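The values are calculated or read from the model by the stated rules, or taken from the named source; none is laboratory data. Computed from a predicted structure; not experimentally measured. Neighbour counts are summed over all protein chains in view; Cβ atoms, including those assigned to glycine, are modelled from backbone coordinates with ideal geometry.
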Amino acid sequence: MHERLGVPLMDREHAAIERLFADVESLPDEALPDLFDKAARELRGHCAREEAMMAKARAPRLLLHMDLHARLLAEVEQMRKDIETAPPATVRELVGTVLPLMISNHVATEDLATARFLAHQRKSAAADDPPKPSAGAGASRRGRG
Ligand SMILES: [Fe+2]
Ligand SMILES: [Fe+2]
């Protein structure tokens with residue numbers, strides 16, 4: 001079960017990924033590769049959206065977080081290859097236990113750190129709310145000539 005982090009995009013998408021695994025125990029062996037593919041697809045899209053959100057928020061550790069996403073997705077790709085030749089019990093272990101655990105670990109560490117930063121940023125913005133300079137400056141000074 002993923003901890004709620006208080007960041008709507010994260011919580012919504014983590015929950016959606018988690019829901020994919022809800023019925024894994026009752027699924028027949030032959031349905032497991034499809035579930036893996038679906039979860040991998042969701043995860044890839046989620047990582048990209050999370051990175052875009054972090055970039056927009058100028059979150060620290062963005063590069064590290066992106067690197068960890070890339071490693072996570074590379075491991076998922078390797079697992080997908082392993083699934084092709086693994087015995088059914090191993091496939092079930094990979095899809096039903098290992099993959100959800102890898103995702104949960106990421107959520108509980110790096111995503112949590114990001115969520116804490118974003119919460120802190122929100123609080124600071126609400127407390128300070130400094131006046132912003134007008135956006136009119138910076139127009140081109142070069143005329144035609
Ligand atoms: Fe993440
Ligand atoms: Fe995430």
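Things to note:
- Selection from the stretch 1-36 of residues that are over 16 Å from the mean Cα position of the chain (by Cα) and part of a helix (DSSP H, G or I): Val24, Glu25, Ser26, Asp29, Glu30, Ala31, Leu32, Pro33, Asp34, Leu35, Phe36
- Selection count where residues are within 30 Å of Arg122 (Cβ to Cβ) and not acidic (Asp, Glu), scope the stretch 2-37: 15
- Checking each residue in the stretch 52-81 for being under 16 Å from Leu101 (Cα atoms), surrounded by 13 or more Cβ atoms within 10 Å (Cβ to Cβ) and either within 14 Å of the chain's Cα centre (by Cα) or within 14 Å of ligand 2 (Cβ to nearest atom) (or both) picks out Leu68, His69, Leu72, Leu73, Val76.
- Residue within the stretch 63-77 that is in a helix (DSSP H, G or I) and more than 16 Å from ligand 1 (Cβ to nearest atom) present: yes
- Condition check for Leu62: aliphatic (A, V, I, L, M), modelled with pLDDT of 95 or more and more than 15 Å from Ala39 (Cα to Cα): yes
- Checking Met53 against (1) within 16 Å of Thr114 (Cβ to Cβ); (2) away from ligand 1 (no atom under 12 Å from the Cβ); (3) of a type in the set (A, V, I, L, M), the condition it does not meet: (2)
- Residue match in the stretch 82-100 (condition: within 14 Å of ligand 2 (Cβ to nearest atom), of a type outside the set (A, V, I, L, M) and without any contact (Cβ under 8 Å) to a residue 12 or more places away in the chain): no
- Residues satisfying the stated conditions in the stretch 1-38, i.e. in contact (Cβ under 8 Å) with a residue 24 or more places away in the chain, farther than 26 Å from Glu51 by Cβ and aliphatic (A, V, I, L, M): Val24, Leu32
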